Amino acid sequence: IFGFVLLLSFIPFIKSFTITTTTTNSFRINNNNNKAQTIIRNSDRRRNSLLQNNNNIRKKLSLLTLQQQETSQEDEVLPQVWSCGHSSRIDLLEAIQEAVDMAIEGLPTTEKTTEVDLAVISISSLYDASPSLVVPTLLSSAKGKRCEIRELIGSTVSGYVSSIRNKGYGVVQTTTTTDEKNKSSQKEQEQLLKSACTGLESEGVPGVSIVLAMLPDVELKTFHVLGDDVPDDVGRVPTSVWKSSVGLSKFPSIERDTPPVFLLTSSPSFQKEADDFLSGISFHYGSDASVVGGIASTVSSLTRARLFRYSSTADAPTTLSEGCVGVAMSGDIKCETQVAKGTKPVGGIYRIVAGNKSTIQAIVLDETATQEVVDADDEEEKEDDDDEDEEEIAEKKSKAAIMAAVYAKATIPKPVLAEANFVMKSLSDDDQASMRKAILIGLERSMSKTTPNELLRLAKGEGYRWRVYQVANASMKDGSVTLPPKEVTDIRPNTRVRFFVRDAAFGRKEIQALWTGYKKQKLEQTLLLSMDSRSSSVKNSDPCMAFVWSSLDRGDRFFGTPSYESKTISTFLPNLPAVGGFFANGVIGRINKDDNNSAQKENVAVHGSATTYALLSSASGRPIYYPKTKADDKASSLSEEESNNDNENNEAASTSSSSYPRDENGELILKRREIHSGRALTVSTVEWSVAEKTAVPTSTLEGFMWDKETEVDRFRERVPLSNLVSQTRAATLTSNAVDNQPRPWIQAILSRKDKDDFVIIPECKRSEMNRNGGSLYKRYNVKK
C-alpha cells in the first residue's frame, strides 16, 4: 500500500517532465524546420535570380542573333537570274516538259517553291497539237518541279534561238597529256570553258524554247492590246487615257529613276498599228524607254501565228491570234539594244539637190566625202594585200577604174533612179541581184564623228553613220524615189545619201565590228568608274541575258554558218549565262540607242531584214547567277568529259529507228509535204517578200515521199491533167480492138516468166537506207 501511494505521488512529476521534454523537442523541431525553410527560400531566390539572369542573357543573345541575321540579309544581294531551255522532240507535250526541265536546272535550288517572275516561250508552228494546250502544259510541268510562274508571254515561231550551258565554265585545266586523242579532247574542253554558254539556232524544224527569269526589285506587268485599241493621235491623248487603252494603266506603280523596258511580240496583222503603238510608248514613257521584240512567225504561210499570255493575277491563260502581247518591266533592270542590218555601202556619197518631205528627186556626187571614203578603203585594203595574189589585186584596180568613171559622170545632178542604174553596172553579180530586188538608200545621221569607213566606226563604238531605208515607191517619170513616209518626214537639200546592198560577207564583218565596239565602250566605262574617286567600288555591268530576234531571211541561209549570230554573242560575252529569242517576220528596236551625239533621236521602229539584240542586266549591278560554282563544276566537268569520250561510239550508234515518229502500233508516221511559198509582209509602207525554208523530214522515207511529191507537182505544171489523159488514150489506140484494153499486171509478169525473161518489180521498202536504220514496221523480221 505504501509503495502504491508513493507511486501515485510521483505521477504529477512524471507528467510535468514528459510535457517539458515534449515541448523542448517540439521547439527544437520547429527551429530546425524554420531554418530548413529559410534555406529553401534562399535557394529558391538564388535559383530564380539565376534563371532570370539566364533569360536576360538568352534575350540578349537572341537580339544579337536577329541583328546579325538582319545585317547579313542587308549585306546579301540577290542575283538576277536568267535561264533557258530547249527541246526538238516531235511530240509537243514531251518537248515542253524537256525544255522546262532544262530551264529549271539553271535556277537556284531552294527547299521551298521557286517563284519565277517571267517566262518567255517560243513554239514551232509545225506542231499539230492545239495551241491552247501550250500554256497549261508549261504551267503544270513547272509546278511538278516546285516552280511557280507569275507572268508569261510567247508566240509561235518558224525557228528559235537558245543556248547550251557549259557546265565546266571557269575551270582551269592543269593536266597535260601526250596522247593525241586526249590532246584533241583537251583542246575542245579548253575551248568550251571560255564561255558560260554556247548559242544555238534552230530553223524550220519542230522545237520549243523557254526562258525563265527571277528579277528581284522589278515590277512586271503583262498586257495584250488589239489594233483598234491603239490611239492613232499620239500626243493629243492624255497619258492616263493612253495607258488605259493599251492595258498599261497604273504602270509603273512607283516612279523609278531607271527607264522602263518593254518586251513585245505581235501578230503579223498588227504591223499597221505597230508604228502608232511604238510612238505612243516613246511619247508617254520617255524616249529613254527600251522597246524590243519581234513579230510572230510560222514555217508555212498556211499556218496562222498564235500569241500566248498568262498572269497569276488573271483568271486563266489565253491563246490569241490578233494584236500584240508584251511585258513591261520597271525597277532594277536595264536594257541595251543594237540592230544589225547587213547592208553594205556601194558607190560614192551624194548630196540631195532637190527633194521634200519623204521624196528625193535629184542627187549629185559629193567629191570630197567620196574621196575620204576611197582613201579609207585603200588603207584597209593595203593591210590585206599581203594575203592576195596578183589576179585579185588586178581585179580591184579594174573595179577602181570603173568606179572612177562612174564618179566622173555623177558630178552632174541626176535623178535617183538614173544614178542607181549607173552604180549598179559597176557592181558584182550578187550585188546587182540584191539591188534589183530592193533599192536601199541611207541618210547621214550625224557629223559629230566622221570616221569614213562604216566598219571602223562600229569597231570604235561610234555607231552607224547612215540610217538605211528601203525605197517605198519610185516614179518612172522623173526618176524620184520615196522613202517610208512615217519614218522619213523632212528631206532637206544638201543632206548626204548613199546606196546600199545586202551582203552576207559584210553582214558577218558588221556583227564582229558591232560587238567589238560594244566591248570597247564597256571597257572605257569600267576604267572611268575605277578612276573616279567618288566611286567606292565598280559595280557589275555585265549583261545577264541576251535576246536575239532575227528576221526570216537571215540565219543559216544568209550567213552560211549555223548559229552564227548567237555563237558570236557567246564569244564576245563569255560571262553571259543565257541566250534566247526567235526568227521573226520583223524585228523591233532602235538603231544607235546610246548615241547621244546624233542630231535627231532615233525612233523605235519595225525593221525588215535585220536582227535586234537586247542585253538585259541589273541597273544596280547585282551579281550574275550560275547554276553551280566553278570549283564544284571542276570534278563534274572532268568526269563528264571522260564519260563522253568513253561513250562516244555508243552515242553515235544509238541513232536508230526509235528516234523516228511512230504510232501506238509501231508504224512509221509519214506526213504530207506542206505547201511553202514566199509571203508578202508589210513594214510601214514597204512590202517585201521572204522566201521561207521548208521543214526537214523526220525520216528518210518521208524525205523520199516529199521529193516525189515535188517532182509530181512539177510534172503537173508542165503537163496538165487533161493533156496527160489525152496522151494516154492516144497511146492505147491501135487497129486491133484487143490491144486497146488495159494490160493486166499479173498476166504480164506470168508471160515474162513463161518466156524465161527478167521482170522488174518495184521494191517494197522495209528498212531505212542508213547504217543505223531499223525496220519501217516493227512486226517485220528484217533478217528473215
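The values are calculated or read from the model by the stated rules, or taken from the named source; none is laboratory data. What you see is a predicted model, and the numbers here were worked out from it, not measured in a lab. Don't worry about glycine lacking a Cβ; one is built from the backbone with ideal geometry, like all the others, and counts go over all protein chains shown. Surface accessibility is based on the protein's heavy atoms, side chains included, excluding ligands, DNA and RNA. Shrake-Rupley method; radii C 1.70, N 1.55, O 1.52, S 1.80 Å.
Measuring with a 1.4 angstrom probe and ignoring ligands and nucleic acids, L302 comes out at about 130 Å² accessible. A Förster radius of 51 Å, combined with the Cβ-Cβ distance separating S140 from K194, puts the computed FRET efficiency at roughly 0.85. Computing FRET efficiency as 1/(1 + (r/R0)^6) for T303 and E667, where r is the C-beta to C-beta distance and R0 is 25 Å, gives about 0.45.
Treat every Asp and Glu Cβ in the range 255-382 as -1 and every Lys and Arg Cβ as +1, leave all other atoms uncharged, and give the resulting dipole magnitude about the Cα centre to the nearest 20 debye. Walk me through the intermediate numbers first.
Working: 11 positive and 19 negative charges, 182 e Å.
The calculation lands at about 880 debye.
Charged neighbours of F251, selected by a Cβ distance under 14 Å, balance to +1 (K, R count +1; D, E count -1). Pair-distance distribution P(r) for the range 206-254, from all Cα-Cα distances in 10 Å bins starting at 0: 20, 37, 26, 15, 2 percent. Taking every protein chain into account, the 1.4 Å probe leaves I164 with about 80 Å² of accessible area, to the nearest ten. For the range 231-360, with all protein chains in place and a probe radius of 1.4 Å, 46% of the accessible heavy-atom surface sits on carbon or sulfur. Per-residue extension of 0.36 nm, minus the Cα-Cα distance of T239 and I760, leaves a gain of 179.7 nm for this segment.
Rolling a 1.4 Å sphere over the protein heavy atoms, what is the accessible area per residue of the range 284-366, to the nearest Å²?
Values: 2520 Å² over 83 residues.
Accessible area per residue, the range 284-366: 30 Å².
When L668, L528, L456, L616 are compared by accessible area of protein heavy atoms, the largest-first order is L528, L456, L668, L616, using a 1.4 Å probe. Ordered by solvent-accessible area of protein heavy atoms (1.4 Å probe), largest first, the residues D754, D663, D276 come out as D754, D663, D276. The heavy atoms of I746 offer some 90 square angstrom of accessible surface to a 1.4 angstrom probe.
For a label point 7 angstrom out from the Cα of S620 toward its Cβ, which stretches of the range 544-578 have the backbone nitrogen within less than 17 Å? So the set is 544. Note on the range 408-526: dipole from Cβ charges, positive end direction compared against F506, P452, Q432; the farthest Cα belongs to P452.
Given 0.36 nm per residue, what is the gain on full extension from A438 to L721 after removing their alpha carbon distance, in nm?
Values: separation 283, 0.36 × 283 = 101.88 nm, distance 3.79 nm.
Using 0.36 nm per residue and subtracting the Cα-Cα distance, I get 98.1 nm.
Taking 7 Å steps out from each Cα toward its Cβ at F2 and W745 produces label points 16.5 nm apart. Shown are F262, F2, whose ranking by accessible area with a 1.4 Å probe and every protein chain present, most to least, is F2, F262. For N356 and N603, what is the calculated FRET efficiency with R₀ set at 30 Å and r taken between the beta-carbons, to the nearest 0.05? Efficiency, from the Cβ-Cβ distance: 0.90.
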